[in-house]
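The values are calculated or read from the model by the stated rules, or taken from the named source; none is laboratory data. Fair warning: this is a prediction, and the values are worked out from it, not measured in the lab. Here Cβ is always computed from backbone atoms with ideal geometry, including for glycine, and neighbour counts include all displayed protein chains. Heavy atoms of the whole protein, side chains included, go into the accessibility calculation; ligands, DNA and RNA do not. Shrake-Rupley method; radii C 1.70, N 1.55, O 1.52, S 1.80 Å.
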Amino acid sequence: MDLLFDSVRSAIGLLLAFDSELVDIVVVSLRVSFFSTLFGALAGVPLGFLIAYNQFRWKRMVITCLNTLLALPTVVIGLLVYSFISRRGVFGSLELLYTQKAIVIGQLILIIPVIISLTISAISRIDNRYRTSALTLGANNLQVAWVICREARFGIIAAIIAAFGRVIAEVGISMMLGGNAKGFTRTMTTAMALEYDKGEFVLAVALGIVLMAFAFAINIIFNLLQGRTNADTV
Amino acid sequence: MKRLLAIGVALMLGSFTAGNTLASDKVLKMSTTTSTEASGLLDVLLPALEKDTGIQVKVIAKGTGAAIRDGMDGNVDVIFVHARDREDAFVAEGYGTKRYAVMHNDFVVLGPANDPAGAKKQADVSSALKAVSESGSLFISRGDDSGTHTKEQDLWKQSGIPVEKKTITVVKSGKDVEISTIRPANSDAWYVSIGQGMGKTLTFAEEKQAYTMSDRGTYIKYKFGKTPAIDLEIVSEGDEQLANPYGVIPVNPAKHPEVNNKLAVEFAEWITSAKGQKVIADYRLEGQQLFFPDAM
Amino acid sequence: MPTLFELSGLIKDYGVRRVLDINNLSLEKGGIYALRGANGAGKSTLLSLLAFLETPTGGKIIFNGQEVNYGTGSHLYQLRQKVVLVDQSPLMFSGSVYHNVEFGLRVRKIGRVERKQIVEKALEQVGMLGFIDHDASKLSGGETKRVALARGLAVAPDVLLLDEPAANVDLENQRILFEIINRINKEGSTSIIYSTHQFPVDEQPAHQILILDKGKLHFDRRCNIFTASVKVANGEKSVCRLAGCAIELELSNTVLASVKDTFYLFINPEKIELLNSTTAPPENSFGVEVLNLTRKEKRVEYTVHIGKELLISSTYRSYKENPVYLGQGVMIHLPEDAISVYPLKHGQEIN
């Protein structure tokens, strides 16, 4: 109990002091998570739409594979990407390892299946009559796609928020590919892992509290959107 | 079928509890550093100990900070670490009963083969580090509050390079406590603190072709025991300042009555005995002697 | 009148179920067609096919003299620019009523100013102009139907397909709906095909009535539908009088179970039997005079008089076996499986 009390007080103290180290860590975390989520959404939402909207032979198989990828551990992704981008790897000359870009690459592999999968379920929930209504009113395929995505927007945003929550709370990829370099690739989660290793539980928990605050904010947004989606379908 | 299953479960439970009771007889909980465990010494030392004394050791390997913390919290019976000042403080504050000097090895400063900072030419470690800082070549610091990190901070302080102290205030047991780290001043562009273990730090430095500091054992493992060998060379070694003494401290039963002090003392006395010291002296890593006994 | 749609051998299957099977049907430009049949008769499927929203399992559709090619999306896209289907229970796109009605205009890249005029006019036609800025998802069922109609009207299609436009709409609004249909048909020469499962109201604007039953089109003219009422009910059978006709039918109560005293009665012209006058007539047989006789490919259609005209359709083969001539008196038998009954809504009767 003392530990928790100390940690909360420390966290508040550090936050109020606008501690530059803490600010750096939070900024790196948000920056990396933002770009991962952005690129993940740009790739995942259109792919999810195409899979949900089109009928093709291996559709079931593709969805099963996607669901399997959802269970991919972050360390496996970390190892895989590491083997490609380390100095001895195929893309070694790009000098990507231990940069924020490397974390983003790894996190993309983590969340693109999440976004695709959730987009598929969001699109599949949309009544087919939206498609036929748009078609009969003279829409072309692109315009029909736009209509369907517009109707599925809450589900799609929920997918993107879920992806953001996943990357900001993720530690394996950030540690393996980012290397926890202070000021460069040290994120909230890797910093927590470090503080734990150092035996500085107070700081680790303080960072955890900051992370929880973000998670809480994200979930509030998520719930608000979900509430609206439900209200819309009634 | 049901009966078979029941028998199976009973057997499993039985062997589980039996194993537990057997094991709890002479089991010592020891926290040590990841580098000690990674050196491979414990793999020969502990079987020899068990053969002699029947003591089984449950090793919990962490960074030095966390290993000492485990001792302070009474999570373990004994600590086996290498951070002299902090070990003395541990005893002085009453967390440990007595420090047993066990052995030492040494640290080395590593860098890329082409040595852009020209550190190899320098006479001692202080001037080597100075050369690194002046060249602006990347230096990777463990930054994890480990023994190696503690040593590295000392070396920067003694090198005469201006250093800066970063202090943050946290609350411990309701009181404000300052935690500080030391690094070269104005070094944001070339000094990278990654807060990871020695192995990770070596691969990080290799990846970036940067300078770093390592204990010799881990370096030998990565240089001679691994294919492909790590692409880093020793640029400074042998300086007295680079010595790395190891100590064993039983946790004080006055602070934590639940710890097994008797077993801890037995362990400490065995490791500093002629038998224990010989095992340490004979230990070879990739054909090289790694540790030098201090208790003989 | 030039032909708008020409359907031949058109088949639509859903899995193993055949929902539509139309041998031959041609619809003229500028016409108003009512498509009648019970729920599940295939009306919505036929309308979807005519709207180029579904691909037939077999057969072909010729639209404006051009065979529809289902292989190319761009071709279908071109055709859909001319045809609009308004759903039975339409969905509104998220957004305002205005956003919904302007949708078809936006995809046609019509300018903002013109768009606004057209949207306002379309909404005015359906009496929904006051709702222009309302959230479309908050409208009632009836209001949604009217906005959906405006959404279709706004793009001024050559063909307007309406699926059950009168369902769940009160009589007053039905009258308004039919007025709109009449007006756009006359003013804009828009061809209109609408479906309804309710049996005929004389004010309905259709020029022609098509009857679908279990996916099959029986005949394409207004006939064989009568208002009937139970005259005497006894035991297992009841005697029913057909309004305006000289005949009475004896029907088993199981047939009549779904209707009240007064109801619609449809006699399937393909199932009416012509009897050899030498045999003793079973019940529900009547002597009638042949008024009209037409050969239609493998079938022959007769019109006889029973107080009103009754259409009979038989195969050419049976005609050859038992030929009849104009003006000849024949005996017809109406078996129970030729007769379907439908409930009558209050206030709707034909005479």
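Taking a ≥ b ≥ c as the square roots of the eigenvalues of the Cα gyration tensor of the range C:274-323, is the shape rounded (a/c under 1.5), prolate (a/b larger than b/c) or oblate? List each step's numbers first, then the result.
Values: a/c = 2.43, a/b = 1.22, b/c = 1.98.
The shape class here is oblate.
What FRET efficiency comes out for A:Asn140 versus B:Ala229 if R0 is 51 angstrom and r is the Cβ-Cβ distance? Round to the nearest 0.05.
E(calc), rounded to 0.05, equals 0.25.
Chain B: percent of C-alpha pairs farther apart than 37 Å?
23
Can you tell me the FRET efficiency between B:Lys26 and A:Phe222 if r is taken as the Cβ-Cβ distance and R0 is 56 Å, rounded to the nearest 0.05?
My answer for the efficiency is 0.55.
Mind listing which chymotrypsin sites (Phe, Trp or Tyr not before Pro) in the range A:30-65 are in a DSSP loop and have 10 or fewer other Cβ atoms within 10 Å?
Hits after loop and neighbour filter: A:Phe56, A:Trp58.
Tell me the angle of helix C:141-154 to the major Cα principal axis of chain C, expressed in degrees between 0 and 90 and rounded to the nearest ten.
Here the helix axis deviates by roughly 70 degrees.
With all protein chains present and a 1.4 Å probe, how do B:Trp270, A:Trp146 order by accessible area, largest first?
Descending order: A:Trp146, B:Trp270.
Evaluate E = 1/(1 + (r/R0)^6) for C:Arg317 and C:Glu248, where r is the Cβ-Cβ distance and R0 equals 41 Å; express this FRET efficiency to the nearest 0.05.
On the way: r = 32 Å, r/R0 = 0.77.
For R0 = 41 Å, the calculated efficiency reads 0.80.
Which residues of the range B:164-178 show a drop of at least 30 Å² in accessible area when all protein chains are present, compared with their chain alone (probe radius 1.4 Å, heavy atoms only, ligands and nucleic acids excluded)?
Correct list: B:Lys166, B:Ile168, B:Val170, B:Val171, B:Lys172, B:Gly174.
Please identify the trypsin sites (Lys or Arg not before Pro) of the range C:31-116 that satisfy two criteria: DSSP loop assignment and at most 13 other Cβ atoms within 10 Å. Which are they?
Values: sites: C:Arg36, C:Lys43, C:Lys60, C:Arg80, C:Lys82, C:Arg106, C:Arg108, C:Lys109, C:Arg112, C:Arg115, C:Lys116; in loops: C:Lys82, C:Arg108, C:Lys109.
For trypsin sites (Lys or Arg not before Pro) across the range C:31-116 that sit outside H, G, I, E and B with at most 13 neighbouring Cβ atoms in 10 Å, the list reads C:Lys109.
Placing one identical point scatterer on every Cα of the range C:219-341 and ignoring solvent, what is log10 I(q)/I(0) from the Debye formula at q = 0.15, 0.23 Å⁻¹?
Log-scaled intensity ratios, in q order: -0.68, -1.42.
Projected area of the protein assembly as shown, taken from the Cα convex hull and averaged over every viewing direction, in nm²?
Averaged projected area of the protein assembly as shown's Cα convex hull equals 57.0 nm².
On a 0 to 90 degree scale, rounded to 10, what angle separates helix A:153-168 from the longest Cα axis of chain A?
So the inclination is approximately 20 degrees.
What net charge is computed for the residues neighbouring B:Glu37, neighbours being all others with C-beta under 13 Å from the C-beta of B:Glu37, Lys and Arg scored +1, Asp and Glu -1?
Summing Lys and Arg as +1 and Asp and Glu as -1 gives +1.
Using only the Cα atoms of the range B:106-243, each taken as one equal point scatterer with no solvent, compute I(q) by the Debye sum, divide by I(0), and report log10 of the ratio at q = 0.12, 0.18, 0.20 Å⁻¹.
Per q value, in the given order, log10 I(q)/I(0) is -0.45, -0.96, -1.18.
Apply the Karplus curve 6.51 cos²θ - 1.76 cosθ + 1.60, θ = phi - 60°, to the phi angles in the range B:42-50 and return the couplings in whole Hz, x for Gly and Pro.
With the stated coefficients, the range B:42-50 comes to 4, 5, 9, 5, 5, x, 5, 4, 5 Hz.
What is the angle, in °, between the Cα long axis of helix B:125-135 and the longest principal axis of the Cα atoms in chain B? Nearest 10 is fine, range 0 to 90.
60
Please give the charge dipole size of the protein assembly as shown, origin at the Cα centre, charges +1 on K and R Cβ atoms and -1 on D and E Cβ atoms. Round to the nearest 20 debye.
Numbers: 92 positive and 91 negative charges, 356 e Å.
Here the protein assembly as shown has a charge dipole of around 1700 debye.
In the structure displayed, which of B:Lys121/B:Lys223; B:Lys175/B:Lys255; B:Lys157/B:Lys223; A:Lys59/C:Lys214; B:Lys51/B:Lys223; C:Lys138/C:Lys186 lie more than 24 Å apart, Cα to Cα? Please report the intermediate quantities before stating the final value.
On the way: B:Lys121/B:Lys223 22 Å; B:Lys175/B:Lys255 20 Å; B:Lys157/B:Lys223 29 Å; A:Lys59/C:Lys214 34 Å; B:Lys51/B:Lys223 32 Å; C:Lys138/C:Lys186 33 Å.
From B:Lys121/B:Lys223; B:Lys175/B:Lys255; B:Lys157/B:Lys223; A:Lys59/C:Lys214; B:Lys51/B:Lys223; C:Lys138/C:Lys186, over 24 Å: B:Lys157/B:Lys223; A:Lys59/C:Lys214; B:Lys51/B:Lys223; C:Lys138/C:Lys186.
Kindly count the pairs of lysines across the range C:225-343 whose alpha carbons are less than 21 Å apart, treating pairs on different chains or eight or more residues apart as eligible.
Close lysine pairs under the 21 Å cut-off: 10.
Mind checking Rg over Rh on the range C:61-130, alpha carbons, Kirkwood formula for Rh? Mind showing how you got there, number by number?
Numbers: Rg = 15.0 Å, Rh = 14.3 Å.
With Rg and the Kirkwood Rh in hand, the quotient comes to 1.05.
Dividing the Cα radius of gyration by the Kirkwood radius, what Rg/Rh value follows for the range C:3-217?
Rg divided by Rh gives 0.96.
Within the range C:302-327, list the residues whose amide N lies under 19 Å from a label point set 7 Å along Cα→Cβ of C:Ser229.
Within reach of a label on C:Ser229, which here means backbone N under 19 Å from a point 7 Å along Cα→Cβ, the range C:302-327 contributes C:307-308.
What is the gain in length, in nm to one decimal, between C:Asn69 and C:Tyr325 on full extension, counting 0.36 nm per residue of separation less the C-alpha to C-alpha distance?
The C:Asn69-C:Tyr325 span can extend by a further 87.7 nm.
Ordering A:Met212, B:Met103 from largest to smallest accessible area (1.4 angstrom probe), what's the sequence?
Heavy-atom accessible area, descending, gives A:Met212, B:Met103.
Obtain the nm distance between the two label points defined at C:Glu236 and B:Lys58 by a simple spin-label model: each point lies 7 Å from its Cα along the Cα-to-C-beta direction.
Label-label distance for C:Glu236 and B:Lys58, simple model: 8.8 nm.
Just check the range A:2-233 against the gyration tensor rule for me: Cα atoms, a ≥ b ≥ c as the square roots of the eigenvalues, rounded for a/c under 1.5, and otherwise prolate or oblate depending on whether a/b exceeds b/c.
It is oblate, given that a/c is not under 1.5 and a/b is not larger than b/c.
Work out the length of the dipole vector of chain C about its Cα centre, built from +1 on the beta-carbon of each Lys and Arg and -1 on the beta-carbon of each Asp and Glu, and round it to the nearest 20 debye.
My answer is approximately 940 debye.
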